[in-house]
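For reference, the structure discussed in these notes is given below.
Please treat every number below as a calculation from the coordinates, not as lab data. This one's a predicted model, so the numbers in the text were calculated from it and none came from an experiment. All Cβ positions, glycine included, derive from the backbone under ideal geometry; neighbour counts span all protein chains shown.
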Amino acid sequence: MIVNNHSFLIVIMIAIFLVVVFLVLLRTLLIESGTIKPHIKHKHNKIKKKIVSKRFQEIYNYIESEYAKDLESNRKKLIKYMIICAILFIISCLLFLFLVTNLRIHTRLGYKLIGFICIPIIMVGVHSYLKYNKIYKENFKDKIIKNLFKYINPNLQYDPIGGNNLHKYYLDAGFKGDFNKFITDDYIEGCHENNINLKMANIALGDNDKTKFLYEGIFSVTEINQYLQDKVIIKKNKYMFKDNDYKKIGMDSEEFEKYFDVYSTSSMLAMEILTHDIMEELVEFYNTYRIEFEIVFKDNHIYIRFDTGVMFEPNILKKSNDLSTIWVYYNVMNFAISLTMRINNVLQEIDI
């Protein structure tokens, strides 16, 4: 009786272990697939198809006609192998419990025999899933993201794993927050009008002692044609900012000040940069997407940090060419280009 109780206890412990392993494996698969992420996520406003711009619609139609069919096929294969992987694991667990309880295999050799049967079944499913997940992610970035930026500006070069050179720019911008790990991907670089150079990437800031990222979003840096003697900082007004070197600047727009605070060593420069139309553009972008952002004007650079959470990653529960998602990507990119172009034009007209 004691032996049977001891054996039953072993079976229960192994069953619990298998359930825990399954949950960990399932979470890992969902993270890898983009369904969930250990990242900061942003809930973008839902965008109706009727309000997208004509230019975006042209880009979207091209992606839809050229790549959607193959990508959807890859996505469905990935979902299929996720389901197969889960089913194989469940079958393995049931098989294990059946063999243990019915054949009474309670020896070390017996457990090895069960493992020899069950583990290969699980490994086949996981291997197939990882294979198609890798194919899908690579195709998504190569077909969707790369062509999106290409259509926005043919001079923009896209590298899905680049962007390490942005670390020094991020430090130079002086955004608040301590970190000792700086990770980038989805790097874009190129020149637009008047040879203004733009660099942009997904960034993740981390702590070596923690598993979750402290911050994730889009960081862009644009080199402009003018050198600024003073620094101007635009922050969402919910953030506290204390620095004796900067003073808060009152702007002549109540709507703008509802959302943003401006700090600078020069009130004149801040007023000259933030014209009424530029303040309106900042407010409109925030009101449309509810994406918080910070802007720093320093030396001959404009730095923008978007609190988007992770971007440019596929989500297998959505269509590969999900219009709302791609529309947000398009507008974040366009906002960075449009804003820096307009500010550069303003700076050309003032005496700095």
*On each of the three principal axes of the Cα atoms of segment 142-187, give max minus min coordinate, whole Å, ordered largest first.*
36, 17, 15
*Along Cα→Cβ, 7 Å out, is where each label goes; now give me the distance between the ones at residue 248 and residue 86 in nm to one decimal.*
5.0 nm
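Treat the count of other C-beta atoms within 10 Å as a stand-in for reagent exposure and order 264, 324 from fewest to most. Please list the in-between numbers first.
Details: 264 23, 324 15.
Least crowded to most crowded, the residues run 324, 264.
Please compare each pair in 137/181; 77/141; 247/298; 76/137; 80/318 to a cut-off of 19 Å on the Cα-Cα distance and tell me which ones are over it.
The answer is 137/181.
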*Between residue 257 and residue 207, what FRET efficiency follows from the Cβ-Cβ distance if R0 is 35 Å, with the result rounded to 0.05?*
0.55
